[in-house]
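Chemist: Dumping the structure here so I can ask a few things about it.
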Amino acid sequence: NLTGSLDITSFTPGVAASYSVGVSGTNTCETLAGDRTTITFTPGLIPGDPTVSGAAVRVASLGSTVVLQVDPIPSGATTFQWAKDGVPLAETSATLTLSNVTNASAGVYTVRSVSANGCVSVGQESVTLQVTGSTLWKSYVISGGGTSVRGGEDITFTISLRNDGAGAITNYTIKDPIPANTTLKSIAGGGTNEAGVVTWTGVSVAPNATVTRSFTVTVNADLSGITAIRNVAFVNDGVNPDQPSIPADPSNPNNPGDPTQTGTNVPVTQVTNKVTWKSFTVSTGATTVRGGEEVTYTIHVRNTGNQRISPLIVRDALPANTSFVSAADGGSLVGNEVVYSTLAVNVGVTATASFVVRVNNDLTGVTAIRNIAVSNDGVNPDQPSIPADPGNPNNPGDPTQTGTDIPVTPVTNTVTWKS
């Protein structure tokens with residue numbers, strides 16, 4: 001080569017090669033072998049282009065962890081050059097871990113392969129990271145006001161979704177299973193009932209904005225053993241797992257409450273209450289007695305609370321001027337009382353217990369056969385019976401009266417004979 005330079009176009013990357021350099025020219029002889037310079041070098045190996053496993057566009061939630069992984073490792077690569085939006089990062093391994101993602105974490109991440117001798121890959125891999133963040137909470141309003149339910153009220157639940165991220169939220173799905181011990185009444189905001197789950201699809205929220213969705217349920221009358229109507233809503237962005245709702249701020253339902261709690265609880269006021277009355281039938285079909293008839297008393301106990309009553313204890317002292325004949329419905333004569341100790345009554349249901357007495361023949365000076373039963377639910381004091389409704393014995397009568405009176409028809413009659 002007479003130009004003073006030598007271009008080497010045939011070599012094997014990674015394999016050492018040696019070249020001897022000498023000088024010769026007009027009126028000179030070729031450089032002696034001992035004066036020649038030997039150059040030895042190893043041609044660098046350009047590593048293969050990297051590939052990052054997973055999608056080219058990632059969506060991450062605020063506070064989450066994102067892992068970008070070169071896989072497989074390209075041939076000839078020993079380290080990697082990572083950058084965000086063109087700014088080099090310190091990481092040189094095949095794994096870039098982004099912990100506790102913030103809005104500032106969003107951007108374009110690139111990576112190139114680097115060989116042992118510092119050669120950099122021709123191509124690079126790019127991954128775009130989008131950061132989204134949302135807060136989901138739920139408030140409620142009870143028909144008629146108040147902060148607890150007793151049964152029969154309507155509860156309107158309002159689900160609030162706030163976009164805390166830097167980008168818009170699009171095509172989110174909000175789901176809310178209908179709470180136990182309620183029935184669905186209505187849905188607002190375009191939601192549907194999908195097998196007991198109130199669902200809204202295609203929900204979009206601008207950055208720093210909040211949207212709401214609501215539905216209304218009616219609380220069951222029977223709340224036996226229930227201390228709260230509990231409900232949890234969920235939001236899904238199509239990428240990450242469902243995010244459950246948290247309670248609303250107790251002082252301002254337009255703001256989220258305690259982020260360490262999940263779901264919303266509507267307290268239940270447990271009510272044990274009943275009404276007790278007594279009806280009767282006379283064996284003659286009359287509404288009065290003259291003596292010698294059998295009277296069947298029926299004690300009615302209607303559960304007007306929201307808790308099942310079990311056991312329900314009923315006691316009824318035998319009326320004066322009568323004698324015991326029999327008792328049904330598990331009753332028994334204990335001393336001078338007919339006692340029922342195994343009754344139970346569900347919410348809104350009326351339990352009955354009956355017994356039969358025979359009216360004495362001698363009713364001298366007696367104007368009525370009077371009787372009062374008492375019932376006990378284990379929570380409240382004994383409740384005395386009131387009369388039945390005169391027009392319908394299956395309903396209670398005047399609540400200001402106590403006891404049941406059967407009028408006595410006085411009969412003065414004699415038969416005279418002579419022997």
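Chemist: Going by average Cβ density within 10 Å per residue, which order do the peptides 357-364, 292-299 take, highest to lowest?
Modeler: Ranking the peptides 357-364, 292-299 by packing returns 292-299, 357-364.
Chemist: Can you give the local net charge around Asp258? Use residues other than it whose beta-carbon is closer than 14 angstrom to its beta-carbon, Lys and Arg +1, Asp and Glu -1.
Modeler: 0
Chemist: Each residue of region 130-138 in order: what ³J(HN,Hα) in whole Hz does its phi give by Karplus 6.51 cos²θ - 1.76 cosθ + 1.60, θ = phi - 60°, with x for Gly and Pro?
Modeler: With coefficients 6.51, -1.76 and 1.60, one gets 9, 10, 10, x, 8, 10, 10, 9, 9 Hz.
Chemist: Could you work out which residue, out of Ile246, Ile386, Ile406, moves most in a Gaussian network model of the chain, that is, has the largest mean-square fluctuation with Cα springs under 10 Å?
Modeler: Ile406
Chemist: Could you state, as a whole-number percent, how many of the C-alpha pairs of region 57-132 are farther apart than 18 Å?
Modeler: For region 57-132, the fraction of Cα-Cα distances above 18 Å is 38 percent.
Chemist: Please compute the net charge surrounding Asn303, taking Lys and Arg as +1 and Asp and Glu as -1 over other residues with Cβ under 15 Å from its Cβ.
Modeler: Its environment carries a net charge of +2.
Chemist: What is the packing order of peptides 178-187, 110-119, taking the mean over residues of other C-beta atoms within 10 Å and listing the highest first?
Modeler: Highest mean packing first, the order is 110-119, 178-187.
Chemist: Applying 1/(1 + (r/R0)^6) with R0 = 41 Å to the Cβ-Cβ distance of Ser20 and Asp49, what FRET efficiency is obtained, to the nearest 0.05?
Modeler: That pair, Ser20 with Asp49, gives E of 0.65.
Chemist: For Rg and Dmax of the Cα atoms in Å, which listed value, [x] 22.4, 73; [y] 45.3, 192; [z] 45.6, 137, comes from the coordinates shown?
Modeler: Only one option fits the structure, namely [y].
Chemist: Something else: In sequence order, what are the phi-derived ³J(HN,Hα) couplings for region 229-245 according to the Karplus relation 6.51 cos²θ - 1.76 cosθ + 1.60 with θ = phi - 60°, rounded to whole Hz, with x for glycine and proline?
Modeler: Those phi angles translate into 8, 9, 8, 10, 9, 9, 10, 9, 9, x, 10, 9, x, 4, 9, x, 7 Hz.
Chemist: When we measure straight from the Cα of Lys138, which lysines land under 20 angstrom away, once same-chain ones fewer than 8 places off are left out?
Modeler: Lys138 reaches Lys175, Lys185.
Chemist: Can you list the residues, at least 5 places off or on another chain, whose amide H is less than 5 Å from the amide H of Gly107, using H built in the peptide plane?
Modeler: Residues meeting the amide H criterion: Leu129.
Chemist: Around Asn220, which amide H atoms from residues at least 5 apart in sequence, or from another chain, sit under 5 Å from its own amide H, with H modelled in the peptide plane?
Modeler: Counting only residues 5 or more places away or on other chains, the set is Gly152, Thr182, Thr183.
Chemist: Treating only the Cβ atoms of Lys and Arg (+1) and Asp and Glu (-1) as charged, compute the dipole magnitude of the chain about its Cα centre; round to the nearest 20 debye.
Modeler: Roughly 960 debye for the chain.
Taken together, the values in this text are just the output of simple stated rules run on the coordinates, not laboratory data. Everything quoted here is computed from the prediction, not taken from an experiment. Every residue, glycine as well, gets a Cβ built from its backbone with ideal geometry; the counts of neighbours run over all protein chains shown.
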